[in-house]
Amino acid sequence: MIPALMPTYNRAPLSFVSGTGAWLTEADGRRFLDFAAGIGVNALGHAHPALVRALTEQAGRLWHVSNLYRIPEQEALADRLTAASFADTVFFTNSGTEATELALKMVRRFWHGEGRERHRILTFTGAFHGRSTGAIAAAGPGKMTDGFGPLMPGFEVLEWGDHDALHAAMDETVAAVMVEPIQGEGGIRTMPPECLRGLRELCDATGALMVLDEVQCGTGRTGRLFAHEWAGIAPDILLVAKGIGGGFPLGAVLAQERAAAPMVAGTHGSTYGGNPLGCAVGAQVMEIVAEPDFLAEVERKGAAMEEQLSALVAAHPAIFAGVRGKGLMRGLACKMTNTDVVAAARDAELLVVPAADNVVRLLPPLTISDDEITEGLARLDKAASALAEQGASA
Ligand SMILES: *Cc1c(COP(=O)(O)O)cnc(C)c1O
């Protein structure tokens, strides 16, 4: 018999009852160190006092009015986001997937407005943009699309890192290129800054819109507010979600004026998008994360973590192949099956996330302390030693 909860997830047999900072308490009392952060969502850890205050104060005042009316919290967060980034304008969603959907609609509408219909959107292998029909089509045929056809047309999936394929595909029929500066689900695969700059140049030369998906790598994760800042470029459209809500469902599409110009009244909407609760929390996240000192700390701690991860890889060459990523978005490429490493880490009371390319993802809260990083690495070392022992006795 099918369970009451539709069984679309392979869930670990853990249920957490409370959390503070980088720590989660399981129903049985065990305390787990959280290097998963709800898949990069709990940017400020669990139960951050400023976020609890922002949410409860707003909850006591007003939850929802709809976008039929002005929402001051939404306007304030839009002001904050545009002031801190390349963007001229923002649309708020409830999730990353909804941000993807709007970006796709904006690309179509842009070219419609230009009077020159362009329908080709280039994406890359290993991409993840969400689970809607449009988002799975964008990432290309595979596990996520199996049985869900016919797929939304218009996408061409290029091999990640294949410059020749990109140059061959780029011409004046391309509507947009959509890419994650660092692939999350795809295995913490980083697009080098010079490649992001090259892509920007190709987009400028052909007129194609550059759409960056920073749902996972944005909101301070790499030590800049947005990962593309490392390359010194700006996209036309940017997708944000996960960390921006600190755990409250919130997403956003940030755009330059030109790309958003055709999105006039009536072209898009959302009942909950930009609701007062989400925006009150998002403003507080921005208040903390967009501070240069905070971002510098993320960069410093990320470098410290990379150093310790490299030592871990060197100590366990049969288990790990290398370290990837930037800031506090890190991947351990594995020689063993990554899900076995994740399970062993769980036995050592450390939460990490598997990703494609046989990678274990480490996405600790951005507020993690140096001691907690060291403790997490000790737990990973313990997990790796346990796996090596099992391997030796098998
Ligand atoms: C998680 C994620 C999404 C989808 O976001 P949801 O909030 O799950 O809809 C899209 N793009 C990237 C890069 C993501 O990591």
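Here are the numbers for this structure:
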item: Members of segment 216-229 that are over 15 Å from ARG189 (Cβ atoms) and touching a Leu at 6+ places or on another chain (Cβ under 9 Å); result: GLY218, THR219, GLY220, GLY223, ARG224, LEU225, PHE226, HIS228
item: Flag if LEU55 is part of a helix (DSSP H, G or I), among the hydrophobic types (A, V, I, L, M, F, W, C) and touching a strand residue (DSSP E or B) at 6+ places or on another chain (Cβ under 7 Å); result: yes
item: Subset of segment 192-221 (residues that are closer than 25 Å to GLY245 by Cβ and hydrophobic (A, V, I, L, M, F, W, C)); result: MET210, VAL211, LEU212, VAL215, CYS217
item: Verdict on VAL281 being at pLDDT 95 or above, assigned to a helix (DSSP H, G or I) and either over 21 Å from the mean Cα position of the chain (by Cα) or within 16 Å of the ligand (Cβ to nearest atom) (or both); result: yes
item: Evaluation of ALA231 against (1) away from the ligand (no atom under 12 Å from the Cβ); (2) within 12 Å of the chain's Cα centre (by Cα); (3) among the small types (Gly, Ala, Ser) (one fails), failing number; result: (2)
item: Subset of segment 73-121 [at negative phi and free of Cβ contacts under 8 Å to residues at least 12 places away in the same chain]; result: GLU75, ASP79, ALA83, GLU114, ARG116, GLU117
item: Residues (buried (at least 22 other Cβ atoms within 10 Å of the Cβ), under 20 Å from the mean Cα position of the chain (by Cα) and away from the ligand (no atom under 16 Å from the Cβ)) located in segment 52-98; result: LEU77, ALA78, LEU81, ALA87, VAL90
item: Count of residues meeting criterion [on the phi > 0 side of the Ramachandran plot and touching a strand residue (DSSP E or B) at 6+ places or on another chain (Cβ under 7 Å)] in segment 188-222; result: 2
item: Residue, surrounded by the fewest Cβ atoms within 10 Å (Cβ to Cβ), within segment 207-227, restricted to residues that are assigned to a loop (DSSP other than H, G, I, E, B), away from the ligand (no atom under 11 Å from the Cβ) and under 20 Å from the mean Cα position of the chain (by Cα); result: ARG224
item: Of residues in segment 243-259 being more than 19 Å from PRO364 (Cβ to Cβ) and within 10 Å of the ligand (Cβ to nearest atom), the one nearest to the chain's Cα centre (by Cα); result: GLY251
item: Helices (runs of 4 or more DSSP H) wholly inside segment 88-206 containing at least 2 residues that are of a type in the set (Lys, Arg) and touching a helix residue (DSSP H, G or I) at 6+ places or on another chain (Cβ under 8 Å); result: 193-206
item: Residue match in segment 16-39 (condition: free of Cβ contacts under 8 Å to residues at least 24 places away in the same chain, closer than 24 Å to ARG361 by Cα and out of contact with any Leu (no Cβ under 8 Å at 6 or more places or on another chain)); result: yes
item: Residues of segment 365-394 classified as part of a helix (DSSP H, G or I) and more than 26 Å from GLY223 (Cβ to Cβ), total; result: 12
item: Some residue of segment 291-313 being part of a loop (DSSP other than H, G, I, E, B) and not aromatic (Phe, Trp, Tyr); result: yes
item: Residues that are of a type in the set (A, V, I, L, M) and buried (at least 20 other Cβ atoms within 10 Å of the Cβ), drawn from segment 357-386; result: VAL359, VAL360, LEU362, LEU363, LEU366, ILE368, ILE373, LEU377, LEU380, ALA383, ALA384
item: Selection within segment 228-267 - part of a helix (DSSP H, G or I) and of a type in the set (D, E, K, R); result: GLU229, LYS242, GLU257, ARG258
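The values are calculated or read from the model by the stated rules, or taken from the named source; none is laboratory data. Worth saying up front: this structure is predicted, and the values here are computed from it rather than measured. Cβ coordinates were reconstructed from backbone atoms using ideal geometry, including for glycine residues, and neighbour counts include every protein chain displayed.
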